[in-house]
Structure formats: C-alpha cells, structure tokens
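What follows is one structure encoded as structure tokens, with my remarks underneath.
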Amino acid sequence: MELNNEHLSKVETNKARIGELLLEHTALTEDQLNEALQIQKESSDLLGTILLEKNYIHPHDIIKVLCHQIDIPYLPEINVEEIDPVFVQDISINYAKHHEVIPIFVSQYSVTIAMSDPFDFNAVNDLSGIFKKKVDIVVSTPLKIQDAINRVYERANSNLVDSIEDEFEENLDLDGPIDILDASADEAPVIRFVNSIIFRAVKERASDIHIEPYEKDVVYRFRVNRVMKEILRQPKKTHAAVSSRIKVMAKLDIAEKRLPQDGRIKIKIAGKDIDIRLSTVPVQNGERIVMRVLEKTNTVLELEKLGFYGKTLENLKDMATKKYGVLYVSGPTGHGKTTTLFAVLDRMNTPDRMIITVEDPVEYEIAGISQIQVNSKIELSFAKALRAILRQNPDVVMVGETRDQETAEMAIQASLTGHFVLSTIHTNDASSCPTRLIDMGVQPFLISSSLVGVLAQRLVRTLCSHCKVPHDLSEYEMQMLDIEEIPNGATVFQPNEKGCEKCNYAGYGGMTVVAELLVISDRIRQLILQKADSSRIKKAAMAEGMVSLGEDALDKVFRGITSVEEVMRAIISNMEEEDFEE
C-alpha cells in the first residue's frame with residue numbers, strides 16, 4: 001500500500017475531527033499535533049504529510065483514521081484460525097501478497113475481504129468477479145495481512161498434500177510423453193505432486209528427502225532429527241516423471257541418467273526461502289534422488305542453543321578469542337559440525353577481523369564473512385582455495401573439511417603465521433585427531449605447535465517437553481550405561497509412545513549436541529610429539545578435566561534432555577564402552 005496525495009488530502013477535509021481521531025487511535029500526542037498544526041500554518045503543507053515527515057505517526061495510521069471517517073471496520077488483529085483455506089483456492093499467493101488482500105469470510109451473498117488499502121478498487125473488482133458476490137471490506141495493517149496470507153496459504157497447501165498424491169497416481173498419463181515445461185505447469189499433477197512432497201518435508205522439518213526406486217514401486221522417505229521414516233509409496237511407472245521434474249527444477253540434464261548429478265533448487269514456501277541441494281545417482285531400478293532441505297534464515301545459532309554448556313562451553317568461548325592456532329571439529333557426516341563451526345565464527349565475527357571460508361557447499365550465508373565454494377569442475381579444491389585466500393591476509397580462515405595432507409599442512413602453516421584456522425575432520429573422538437593427522441603425513445611437531453583444541457560431537461534427539469514421561473532404568477540399561485545408580489536429584493525420562501501434537505506425535509522435539517573438547521595442554525603436546533596413541537591422549541585429557549562424549553551423554557540423560565534409548569542408538573552403538581566409565 002502506498003500513500004498518495006489523494007489519501008492525504010482526505011485527511012484535511014475536517015482538521016478538527018481528524019485531530020481527534022489521530023489522538024484517539026494512534027500514538028500521537030497533543031503537543032505533537034499542535035506542533036504539526038503550527039507548521040502547517042507556516043508552510044501550507046498537508047497535515048498528514050507533516051506528521052509523517054516528523055515520524056509522529058506511521059503511514060498506515062492515515063488509513064486507520066480514514067476508515068473511522070468513512071465507517072469501514074478496522075481490525076487490529078486477524079483471527080487466522082477462523083479463515084477457511086478453501087476461500088483462497090482461486091487466488092494466487094502472489095496476487096494476494098501484491099495487493100495485500102485476503103478473504104476472511106464468505107456467506108451466501110457476500111465475501112468479506114481484509115485489505116491494507118481500502119482504496120485499491122482494482123483488487124475489489126477482481127475479487128468481486130472471482131467470488132461473484134458482493135464485497136464487504138475490512139482494513140488491517142500490511143504486517144497482519146501478510147502474516148495471515150502466509151499462514152492461510154500454508155494450511156491450504158497442507159490440505160492439498162494427500163489429495164494431490166491421489167490425483168498424481170490416478171490422473172497422470174504416463175504412457176504418453178509428458179511436457180513438464182508446459183505453460184500450464186501449475187496444473188500438471190506431477191508438478192503439484194513434487195511441490196507437495198517438498199512442502200510436506202519443510203512442514204515436518206525434514207533435513208533430507210530420499211526418493212528410492214525399486215522393482216515394483218518408489219519409496220519416499222524423510223530424515224527427521226536424523227531418523228529415517230517412510231512417508232509414502234508410488235507405482236514404479238511414476239518415477240521417470242518425478243525425476244525429470246526435479247531435474248528441471250535444478251537445471252540438470254534430464255536426458256543423462258547414467259551418471260551422478262548434483263544441483264541446487266531455490267524455492268519460496270509461505271514467505272520462507274528454502275535452499276535444496278540435489279544429488280542423483282543411477283541405481284539398478286532408476287535414479288536414486290536425495291534432496292537436502294535448508295531453510296535460509298540468515299541466522300546462526302549460538303553455542304548455548306546448540307546444547308553446549310559448562311566447562312566445554314567456556315573453553316570453546318575462550319578459543320574463539322585466540323589470534324592464531326587450529327581448532328578441529330570431528331564427528332560423522334550430518335552431526336552438525338558445520339553448524340558448530342559457524343556458531344564459533346559468529347562469536348569471532350567482529351568489525352576488526354577479516355574472515356574467509358572455503359566450503360563444499362556454502363550452506364549458511366553470513367553477513368561480514370567472505371565465503372568461497374569449492375568447484376571440482378574447475379579444480380578449485382580446498383587446498384587450492386586456501387593457498388589463494390592466505391594471500392588476502394585474513395585473520396580467521398575456515399576450511400570446510402581437512403581431507404588430505406596438503407590441506408592439513410597448509411592449515412597448520414597458516415596458523416603458525418598468525419591466522420586462526422577452523423576445520424572439520426573425520427575421527428571417532430577428539431583424542432584420535434592428532435593420530436589421524438600424523439597418519440595423513442603431518443609432522444608431530446607441527447601438530448603440537450599449532451593445534452589449540454579438538455571438539456568431537458554427535459547429535460541426539462531431545463525429548464518433547466510436553467509429553468515425556470518418567471522412566472525406571474532396567475538392569476540391562478544400567479549395564480549398557482556402565483552405572484550402578486542414578487545420581488541424587490536426577491530423573492530419567494523416555495518419550496511418550498503416542499507423542500503429542502506439539503512433537504508431531506514422535507515423542508521427540510528437536511536435536512542437541514553431545515560433545516567432548518580436547519584442550520591441547522603442555523602434557524598433550526608432549527604426547528603428540530611422542531606419537532602416543534589416542535587412548536593415552538584421552539586418559540591424560542580426562543585426568544585434566546575433559547568431559548568425554550559418554551559423560552556428556554549421561555549428563556543429558558540425567559537432566560531429562562534426552563532418553564537412554566536415544567543415547568544407546570546414537571552414541572553407544574558407535575563408541576567403545578570405556579567412554580561411559582564414570
């Protein structure tokens with residue numbers, strides 16, 4: 001909605017009455033109004049213009065006052081739950097957002113429209129033609145209108161998911177050629193089906209969409225909180241059309257089905273920017289497709305919100321203040337290493353520091369940080385990019401992954417010349433990192449003189465705080481956790497079998513970090529120089545106060561954050577029992 005002179009001149013029709021309305025319905029004070037009236041006498045400008053220029057009122061305050069003048073209802077709030085999604089099925093979301101308009105009630109003879117600008121007669125005429133009913137107008141702020149549009153259209157899309165899946169199977173003619181780039185794309189069942197799958201994944205907060213073709217059918221699975229779950233199956237004959245549609249969205253070669261392909265899809269759902277990383281690989285029965293779903297919020301989580309606390313958190317914060325050295329984060333793929341690195345970088349991202357990253361791919365776009373994406377097609381590797389950016393004289397460098405000796409040695413040399421370097425590495429625990437670097441061919445004296453810390457982490461699901469229930473440990477669970485009794489004051493919980501609406505009936509509500517941080521002390525440096533194995537390094541570190549992965553996992557169980565079942569699934573099955581010794 002844009003204010004023009006016609007709107008503002010309507011405010012001048014009765015200055016006394018307008019003044020009273022502004023005082024009654026806005027934050028305007030009498031002193032501000034008197035000041036504006038005095039300025040108007042001297043300048044002859046419109047009263048509304050003066051008040052806007054002085055920032056005494058907001059632009060939409062003019063509309064609010066006009067509504068009271070001409071008896072149009074003004075809604076400070078819109079009850080979105082009472083709006084039937086069926087009302088918007090014939091109005092595109094782009095049209096609704098552009099005109100800031102949404103139908104909120106439909107009766108036999110009329111339709112009530114919420115608008116931000118009651119003088120948008122083109123929109124009123126359009127909606128009258130769509131509904132073929134008399135149009136009644138109510139007015140609300142642009143912010144309330146946009147929020148209502150996002151939420152109502154999200155519910156409308158949600159209601160369509162199941163029906164689209166049925167329509168896809170029943171109506172898609174797969175015996176003849178399918179023009180998936182047809183002008184009527186929005187009407188094609190295959191396109192609506194793919195959109196519904198992506199929408200459902202975003203709604204259920206899935207991190208990955210897996211499409212797996214088998215001999216007779218195609219299985220669709222989501223990974224939610226690191227756990228795979230099947231959502232539906234479709235006949236095998238539907239797979240070629242779905243695969244082609246997804247490839248078109250990612251601008252890939254739809255004719256190439258023999259080689260793996262990688263791509264990227266950018267979409268918007270209910271006002272949210274969604275970035276999808278696509279990977280296709282040929283398998284026996286077709287192309288297996290995996291889509292990594294990233295919601296681009298442009299915000300980085302803080303270390304505390306990721307699940308770090310206590311001594312581990314304090315040591316991490318301390319490392320973020322260092323001027324040089326190397327900090328590694330280790331753990332399996334998909335356990336949040338990059339997210340943790342960016343949480344550390346966020347603490348270091350100050351105007352007096354120049355930060356450059358080399359990533360594969362760039363997942364978070366952060367203001368104030370220069371980010372480079374590696375590209376194998378032009379041989380831009382981690383090592384090659386790192387060599388180039390060191391000539392840019394950065395203060396902090398992040399290398400997405402240390403995969404080889406060249407990258408490791410360059411990162412270490414960079415730290416020795418006054419840079420702080422962060423990177424990820426694949427080891428089972430923090431104590432294995434120095435030996436892994438030695439195995440790569442890095443000299444022990446370089447490691448001991450540059451390494452400042454190694455953080456090992458895993459992700460575990462957190463119990464839903466609304467429906468979790470107390471749990472008595474069995475003898476088997478006590479044995480697996482290697483404990484004899486529960487600490488005083490602690491209560492162990494487990495997920496509710498049925499779950500609740502808050503957690504989508506899963507029993508778990510999110511993810512948290514289980515971590516151990518190896519701080520490189522003088523004693524640890526000596527062991528690295530001696531090429532000591534990881535078990536000796538770990539014992540020395542724990543003697544100096546390091547909290548192990550196992551201890552951190554147990555603590556989160558006793559604090560009611562996660563369950564024994566989850567720790568046994570995500571932690572114990574991948575670790576030695578000694579990690580759970582007290």
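The values are calculated or read from the model by the stated rules, or taken from the named source; none is laboratory data. Given the structure is predicted, the values throughout are model-derived calculations rather than measurements. Ideal geometry is used to build each Cβ from the backbone, glycine not excepted, and the neighbour counts take in all protein chains shown. Accessible surface is based on the protein model in full, side chains and every heavy atom, while ligands, DNA and RNA are left aside. Shrake-Rupley method; radii C 1.70, N 1.55, O 1.52, S 1.80 Å.
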**Prompt:** Rounded to the nearest 5, what is the percent of antiparallel bridges among the DSSP beta bridges in the chain?
**Reply:** 65 percent
**Fill in**
Quick calc of log₁₀ I(q)/I(0), the chain, Debye, one scatterer on every Cα, no solvent, q values 0.07, 0.10, 0.12, 0.13 1/Å, result -0.62, -1.05, -1.22, -1.29
**Request:** Run the 1.4 Å probe and let me know the accessible area of D352, rounded to the nearest 10 Å².
**Result:** 120 Å²
**Request:** Whenever you get a sec, line up Y95, Y476, Y309, Y214 from highest to lowest accessible area (probe 1.4 Å, protein heavy atoms).
**Result:** Y476, Y214, Y309, Y95
**Asked** So what are segment 223-317's ellipsoid semi-axes, whole angstrom, largest first, if each one is the square root of 5 times an eigenvalue of the alpha-carbon gyration tensor?
**Response** 35, 16, 14
**Request:** Would you rank D395, D31 by solvent-accessible area, highest first, keeping every protein chain in place and using a 1.4 Å probe?
**Result:** D31, D395
**Fill in**
Ignoring ligands and nucleic acids, V557 exposes an accessible area, probe 1.4 Å, in Å² to the nearest 10, of 0 Å²
**Prompt:** Mean shadow of segment 411-477, computed from the convex hull of its alpha carbons, in nm²?
**Reply:** 7.9 nm²
**Asked** Hey, if we sort M511, M546 by accessible area with the 1.4 Å probe, largest down, what's the order?
**Response** M511, M546
**Prompt:** Could you give the nm distance between label points at V248 and T417, where each point is 7 Å from its Cα heading toward the beta carbon?
**Reply:** 5.0 nm
**Request:** Specify whether the C-alpha gyration tensor of segment 322-460 places it in the rounded, prolate or oblate class, a ≥ b ≥ c being the square roots of the eigenvalues: rounded for a/c under 1.5, otherwise prolate if a/b is larger than b/c and oblate if not.
**Result:** rounded
**Message:** For the ranges 319-325, 563-569, what's the packing order if you count other beta-carbon atoms within 10 Å of each residue, average per peptide, and put the highest first?
**Reply:** 563-569, 319-325
**Message:** Tell me the angle of helix 337-348 to the major Cα principal axis of the chain, expressed in degrees between 0 and 90 and rounded to the nearest ten.
**Reply:** 70 degrees
**Request:** Grab the other residues whose beta carbon is less than 14 angstrom from that of V290, score K and R as +1, D and E as -1, and report the net.
**Result:** +3
**Prompt:** Helix 189-203 versus the longest principal axis of the chain: what is the Cα-based angle in degrees, 0 to 90, to the nearest 10?
**Reply:** 70 degrees
**Item:** Per-pair calculated FRET efficiency, R0 = 60 Å: L313 and D136 via Cβ, rounded to 0.05
**Value:** 0.60
**Prompt:** Between Q443 and N393, what is the label-to-label distance in nm when each label sits 7 Å out along the Cα-to-Cβ direction?
**Reply:** 2.8 nm
**Prompt:** So how much accessible area does M354 have, in Å² to the nearest 10, using a 1.4 Å probe?
**Reply:** 60 Å²
**Request:** Taking the Cα atoms of segment 402-541, report the difference between the largest and smallest coordinate on each principal axis, in whole Å and largest first.
**Result:** 55, 34, 23
**Asked** What cysteines in the chain have no other cysteine with a beta carbon less than 4.7 Å from their beta carbon?
**Response** C67, C433
**Item:** C-alpha long axis of helix 239-249 to longest principal axis of the chain, angle in °
**Value:** 80 degrees
**Prompt:** S376 label point, 7 Å along Cα→Cβ, cut-off 13 Å on backbone N: hits in segment 248-291?
**Reply:** 259-263, 279-281
**Prompt:** If you take all C-alpha pairs in segment 187-232, what percent of them are over 13 Å apart?
**Reply:** 57 percent
**Asked** Using the C-alpha gyration tensor of segment 354-396, what are the square roots of 5 times its eigenvalues, in whole angstrom, with the largest one first?
**Response** 17, 14, 6
**Asked** Using the heavy atoms of the protein chains alone and a 1.4 angstrom probe, what is the accessible area of segment 284-379 per residue in square angstrom?
**Response** 50 Å²
**Item:** Percent carbon-and-sulfur accessible area, the chain, ignoring ligands, DNA and RNA, probe 1.4 Å
**Value:** 46 percent
**1.4 Å probe accessible area per residue over segment 465-512, in Å²** = 72 Å²
**Message:** For segment 61-138, compute the orientation-averaged projected area of the C-alpha convex hull (one quarter of its surface), in nm².
**Reply:** 5.2 nm²
